[in-house]
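The values are calculated or read from the model by the stated rules, or taken from the named source; none is laboratory data. This structure is a prediction, so every number in the text was calculated from the model and none was measured. Using ideal geometry, Cβ is built from the backbone for each residue, glycine included, and neighbour counts are taken over all protein chains shown. Protein only, heavy atoms only, side chains kept; ligands, DNA and RNA dropped before computing areas. Shrake-Rupley method; radii C 1.70, N 1.55, O 1.52, S 1.80 Å.
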Amino acid sequence: MKLEGKTAIVTGAGRDIGRACAMRLAEEGANVALNYFSSSEGADSAVAEITAAGGKAFALQGDLNSQAGVDALVARTVAEFGGVDILVNNTGGLIARKTIAEMSLEHWNAVMDLNLTSTFLMVKACLPHLKSGAIVNIASQAGRDGGGPGAVAYATSKGAVMTMTRGLAKELGPDIRVNALCPGMIDTDFHNIFTKPEVRKNVENASPLKRQGSPEDIGNLVAYLASEESAFITGANIDINGGMLFS
Ligand code: NAP
């Protein structure tokens, strides 16, 4: 196991990509702190599965747009596991598709808070406990290509996460590595809610691998970036999109 004795925090870990990351890190031996906002059932079942397999995990509800939610998550992790080695910033989303003409300042700020400010708050709160280790941010292909319809705010926030990843890699090295993933279309509620089925089919057909990604595809890459196997990689924004976009 690659992560025996390490402690990982995964945000938004009650469903989809975050849950798959938590399960994969636990499979590699990490103790896992799972944050969730509304998906209590998914987070609790993940903890049950991890502990049944002999691992250690807990789930904690929290709004990571708030300093109090962030602080509670980090404090509980340190109390329970003694520190933090791996931080996976997965919390994020579109909230709604809106063109610039339709967009209010409130919507813009909400998207920035959810994707970018939550990442900033989590990194800052973990730093005193993260003496060495890895941060993995979940950015997006949208951060490279500007996003689909009505996704300007989302794409901009993910582009900022990518830039933040590079800046943090320089600031936090050599002891902490910071990388990000730029997923293409991953089969989750994100697209169940915001993308028409025919659009998803078209993306599948247009991509070399002829499918959407799975949350487990993301979990595998996150586990690699969290481990010493990727010891010479930092500041990278890695495409994981089935060949849909080459950067
Ligand atoms: P998802 O199912 O919509 O997941 C969004 C996650 O964010 C959920 O776990 C949700 O928690 C959490 N969240 C929302 N508000 C929160 C808050 N205030 N505090 C803490 N957590 C909060 O979508 P997903 O596809 O798994 O997305 C995960 C990440 O991957 C996001 O950052 C997304 O932008 C990124 N991404 C997804 C794709 C894709 O194609 N699916 C592509 C590129 C990037 P609850 O469920 O507990 O409320």
Task: Index of the failed condition, Leu168 passing every other in (1) more than 14 Å from the ligand (Cβ to nearest atom); (2) buried (at least 21 other Cβ atoms within 10 Å of the Cβ); (3) not in a helix (DSSP H, G or I) - done: (3)
Task: Test: residue in region 135-155 that is open to solvent by 20 Å² or more (accessible area, probe 1.4 Å), among the aliphatic types (A, V, I, L, M) and assigned to a helix (DSSP H, G or I) - done: yes
TODO: Return a yes/no flag: does region 96-105 have any residue that is open to solvent by less than 40 Å² (accessible area, probe 1.4 Å) and polar (S, T, N, Q).
DONE: no
Open item on the list: Based on this model, can you work out whether Arg211 counts as without any contact (Cβ under 8 Å) to a residue 24 or more places away in the chain, within 14 Å of the ligand (Cβ to nearest atom) and open to solvent by 20 Å² or more (accessible area, probe 1.4 Å)?
Closed with: no
Task: Those residues of region 171-187 which are assigned to a loop (DSSP other than H, G, I, E, B), small (Gly, Ala, Ser) and either closer than 13 Å to Ala231 by Cβ or more than 7 Å from the ligand (Cβ to nearest atom) (or both), in sequence order - done: Gly173
TODO: Kindly provide the set of residues from region 29-63 that are of a type in the set (A, V, I, L, M, F, W, C), within 11 Å of the ligand (Cβ to nearest atom) and open to solvent by 10 Å² or more (accessible area, probe 1.4 Å), ordered by number.
DONE: Phe37, Ala59, Leu60
Task: Any chance Val161 is under 26 Å from Ile100 (Cβ atoms) and within 14 Å of the ligand (Cβ to nearest atom) - done: yes
Task: Filtered residues of region 188-208 (kept if assigned to a loop (DSSP other than H, G, I, E, B) and open to solvent by less than 80 Å² (accessible area, probe 1.4 Å)) - done: Thr188, Thr195, Ser207
TODO: Scan region 190-198 and give yes if some residue there is within 16 Å of the ligand (Cβ to nearest atom), closer than 28 Å to Cys126 by Cβ and at pLDDT below 95, otherwise no.
DONE: yes
Open item on the list: Just to be sure I understand, how many residues within region 156-165 are over 14 Å from Val111 (Cβ atoms) and open to solvent by less than 20 Å² (accessible area, probe 1.4 Å)?
Closed with: 2
Task: Residue identified as more than 12 Å from the ligand (Cβ to nearest atom), aliphatic (A, V, I, L, M) and either in contact with a Leu (Cβ under 6 Å, 6 or more places away or on another chain) or without any contact (Cβ under 8 Å) to a residue 40 or more places away in the chain (or both) among Leu130, Leu105 - done: Leu105
- [ ] Can you tell me which residue among Thr119, Thr77 is of a type in the set (Val, Ile, Thr) and either more than 14 Å from the chain's Cα centre (by Cα) or away from the ligand (no atom under 12 Å from the Cβ) (or both)?
- [x] Thr77
